[in-house]
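Please read the structure below before turning to the comments.
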Amino acid sequence: MAIVTVDLGRLCDETCPAPQPGLPPPDSPLAASFPQLSARFVEGSAVSKRHIVVGLGELLWDLLPAGRQLGGAPANFAYITSLLGDEGIPASRLGQDALGEEAILRLRELGLPTAFIQEDADHLTGTVQVEVDSAGQPRFEISESVAWDFLEWTPQWQRLAVQEIGRAACR
């Protein structure tokens, strides 16, 4: 998981001349990334008060004895955030492989946006092999040098951070 630090006072002065409640306006670049959420951008409506939480970090497959389960703490956090009624956005990197494609499909099935998931042609989608011993204790083998190990801070991620952190700072 990543922690982003920002000088909120300076950011607020530069990006928010006045407090702006709710989510980004419909004409913002962030809103354009989520056309399926456009109904939430109605100014003053109860749904416009939803918070956005970005889970930045690993998105991987847990390979359990009972089968595959999509996971990674930041992605799990984004999902739980959405279940609690706010907007959870996973931001990670997947390989351009079958597991990466399956992960994108699963995120969409769960109702999570995939606009901030990067594709990596050079590295595989991350996995964690999980075995459980006779006492019920799990043992984890985490694959290394996989796609999420190579996250790239992109202009798209920068816009997301500035808009959402700046908006929060100006409330």
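Any read-out appearing in this document is the output of simple, stated calculations on the displayed coordinates, not a laboratory observation. As the structure is a computational prediction, the values presented were derived from the model and not from experiment. Quick reminder, even Gly has a Cβ in these numbers, built from the backbone with ideal geometry, and neighbours come from all protein chains shown.
Based on alpha-carbon atoms only, what is the radius of gyration of the range 87-161 relative to the globular estimate 2.2 N^0.38 Å? Don't jump to the answer; show the numbers that get you there.
Details: Rg = 14.6 Å, N = 75, 2.2 N^0.38 = 11.3 Å.
Output field value: 1.29.
How charged is the neighbourhood of Leu63? Take every other residue with its Cβ under 10 Å from the Cβ of Leu63, and add Lys/Arg as +1 and Asp/Glu as -1. Each step should come with its number before you reach the end.
Working: positive: Arg68; negative: Asp62, Glu131, Glu141.
Result for the local shell: -2.
Need one number: nm distance between label points at Ala73 and Gln158, each 7 Å from Cα along Cα→Cβ, rounded to one decimal.
Result for the modelled spin labels: 2.8 nm.
Kindly state, to the nearest 0.05, the FRET efficiency for Asp133 paired with Arg50, given R0 = 41 Å and r defined as their beta-carbon distance. Let's see the in-between values first.
Values: r = 43 Å, r/R0 = 1.04.
So, using R0 = 41 Å, E works out to roughly 0.45.
Per-residue counts of other Cβ atoms within 10 Å, averaged by peptide: what ranking do you get for 127-135, 53-61, highest first?
Details: 127-135: 12.0, 53-61: 23.3.
Ranked by mean Cβ neighbours within 10 Å, highest first: 53-61, 127-135.
Gain in length, Ala66 to Glu144, computed as 0.36 nm per residue apart minus the alpha-carbon separation, to one decimal in nm?
On the way: separation 78, 0.36 × 78 = 28.08 nm, distance 2.27 nm.
Here the answer is 25.8 nm.
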